[in-house]
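Undergrad: Quick one: the structure is below, questions incoming.
Readers should treat all values here as calculations from the given coordinates under stated rules, not as data from a laboratory. Since we're looking at a predicted model, the values are computed, not measured. FYI the Cβ positions are ideal-geometry reconstructions off the backbone, even for glycines, and counts take in every protein chain you see.
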Amino acid sequence: MKKAFVFPGQGSQKVGMGKEIYDNHRAAKDVFEEINDSISKNLSDIIFNGPQELLTLTENAQPSIMCVSMAVIRVLEEEFNCNTKDYISYFAGHSLGEYTALAASKSISVADAAKILLFRGKNMQKSSANSATSMAAFMGADLKTIEEIISQSIRNEEICDIANYNTETQIVLSGDDTAINRAIILANEKKVRTVKLDVSAPFHSSYMKNTAKALQEEFIKFKFNVPQIEVISNFLAVPFKDSKEIEEGLIKQTYSTVRWFESIQYMKDLNANYFFEIGFGSTLCGIIKRIDRKLNTQPISSSNEIEALAKEVL
């Protein structure tokens, strides 16, 4: 059976995350300090001391979540001598987690990933500043049903896009608040459970096309290498082939659906059965279990969990 590392996206942030490994591992502390220096900002203080509202700002949350995940990776590699290439077949990250996956696979440096995520977060926050937007999760309806709901919910030039295809029956919509609210009413009539999400912008919708354009221009400053471990693209739901495809995929995933269900299915079909969520939280473990309860999942964020994983794979 093959193993995969998966990296969380925005929403998993919490004040104090990563503090335990920061206090106990020099390699983890180095990652926090490297990222602080790279973006000229004391991100560690925000992560450890908050307040939560400051940490949750998109420009802070994105590099912070990546920071904690990469601290775990660095402890595995430097303090337990775990060469991920020897025991992990695939990396995949949910939305911003895709940048973490690329950093973990040595496609881009941690410092550069932090700079890009800070830039990405700032631009995402501005993307819909003058519009009433929202996101909502729909649970209990398949993709075809959700597409029918969307078509009945849009008026004129309104935006209502599929942001996340998480499982066969857990799908997130993003766009204009009026259209999202109509979709919620239609879904509830069909006995589909819905939850309005507490987010600051309509992520992975057409509102993000300006952010995508800004990223395209920003990427000129950076170099992406071919990953040392296969990274599954959010946009394509298959591994990136080369640096050009990485840049194109990162740009397009900004305003396109995160095809998480299909990404997990791709790895599962190639005999991946163990999925380790690297970084704070266990959201992705829960989603993967809903895709297939037979798949093995394990969150890895504490010193004990890192040590247990190292012993398992060495």
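Undergrad: For the pair Ile220/Arg193, report the inter-label distance in nm, with labels modelled 7 Å from Cα in the Cβ direction.
TA: Placing both labels 7 Å beyond Cα along the Cβ direction yields 4.9 nm.
Undergrad: Compute a Gaussian network model of the chain, connecting alpha carbons closer than 10 Å, and tell me which residue from Val75, Val15, Val231 fluctuates the most.
TA: Looking only at Val75, Val15, Val231, the largest GNM fluctuation is found for Val15.
Undergrad: Given N residues in segment 124-254, what is its alpha carbon radius of gyration divided by 2.2 N^0.38 Å?
TA: Relative to the rule-of-thumb radius for its length, segment 124-254 sits at 1.16.
Undergrad: Out of all DSSP beta bridges with both ends in the chain, state the antiparallel percent to the nearest 5.
TA: On the way: 18 of 36 bridges.
Of those bridges, close to 50 percent are antiparallel.
Undergrad: Next up: On full extension of the chain, what length is gained from Lys209 through Glu77, given 0.36 nm per residue of separation minus the C-alpha to C-alpha distance?
TA: Values: separation 132, 0.36 × 132 = 47.52 nm, distance 3.67 nm.
Extra length available between Lys209 and Glu77 comes to 43.8 nm.
Undergrad: So which of Lys41/Lys115; Lys221/Lys244; Lys144/Lys252; Lys126/Lys196; Lys115/Lys223 end up more than 18 Å apart by C-alpha?
TA: Going by Cα-Cα distance, Lys144/Lys252; Lys126/Lys196 fall outside the 18 Å limit.
Undergrad: For Glu277, what residues show an amide H to amide H distance below 5 Å, using hydrogens built from the backbone and excluding near sequence neighbours?
TA: Residues meeting the amide H criterion: Val6, Gln298, Ile300.
Undergrad: Right, next: Kindly identify segment 204-251 as rounded, prolate or oblate by the Cα gyration tensor criterion: order the square roots of the eigenvalues as a ≥ b ≥ c, call it rounded if a/c is under 1.5, otherwise compare a/b with b/c, prolate if a/b is larger, else oblate.
TA: Oblate is the answer for segment 204-251, as a/c is 1.5 or above yet b/c matches or exceeds a/b.
Undergrad: How would you classify segment 122-190 from its alpha-carbon gyration tensor, with a ≥ b ≥ c the square roots of the eigenvalues: rounded for a/c under 1.5, else prolate if a/b is greater than b/c, otherwise oblate?
TA: Verdict is oblate for segment 122-190.
Undergrad: Okay, next question. Please say if segment 1-156 is rounded, prolate or oblate, where rounded means a/c under 1.5 for a ≥ b ≥ c the square roots of the C-alpha gyration tensor eigenvalues, and otherwise the choice is prolate for a/b larger than b/c and oblate otherwise?
TA: Oblate is the answer for segment 1-156, as a/c is 1.5 or above yet b/c matches or exceeds a/b.
Undergrad: Along the Cα→Cβ direction, 7 angstrom out, place labels at Asn273 and Gln125. What is the inter-label distance in nm?
TA: Rounded to a tenth, the inter-label distance reads 4.5 nm.
Undergrad: OK, next. Nearest 0.05, what FRET efficiency do Tyr87 and Ala111 give at R0 = 22 Å with Cβ-Cβ as r?
TA: The computed FRET efficiency comes out at 0.25.
Undergrad: Could you compute how fast segment 213-314 diffuses translationally, taking Rh as the Kirkwood radius over C-alpha pairs and applying Stokes-Einstein at 20 °C with viscosity 1.002 mPa s? Give it in µm² per second.
TA: It diffuses with D of about 139 µm²/s by this estimate.
Undergrad: Here is a follow-up. How big is the Rg/Rh ratio for segment 260-299, C-alpha atoms only, Rh by Kirkwood, two decimals?
TA: Computed over Cα atoms, the ratio is 0.93.
Undergrad: What percentage of all Cα-Cα pairs in the chain are separated by more than 27 Å?
TA: It works out to 40 percent of all Cα pairs.
Undergrad: Pop out the ³J(HN,Hα) list for segment 2-7 in order, Karplus 6.51 cos²θ - 1.76 cosθ + 1.60 with θ = phi - 60°, rounded to Hz; leave Gly and Pro as x.
TA: These are the phi-based 3J(HN,Hα) values: 8, 10, 9, 9, 10, 10 Hz.
Undergrad: Per Stokes-Einstein, at 4 °C and 1.567 mPa s, what whole-number D in µm² s⁻¹ belongs to segment 73-164, with the Kirkwood radius over Cα pairs as the hydrodynamic radius?
TA: 77
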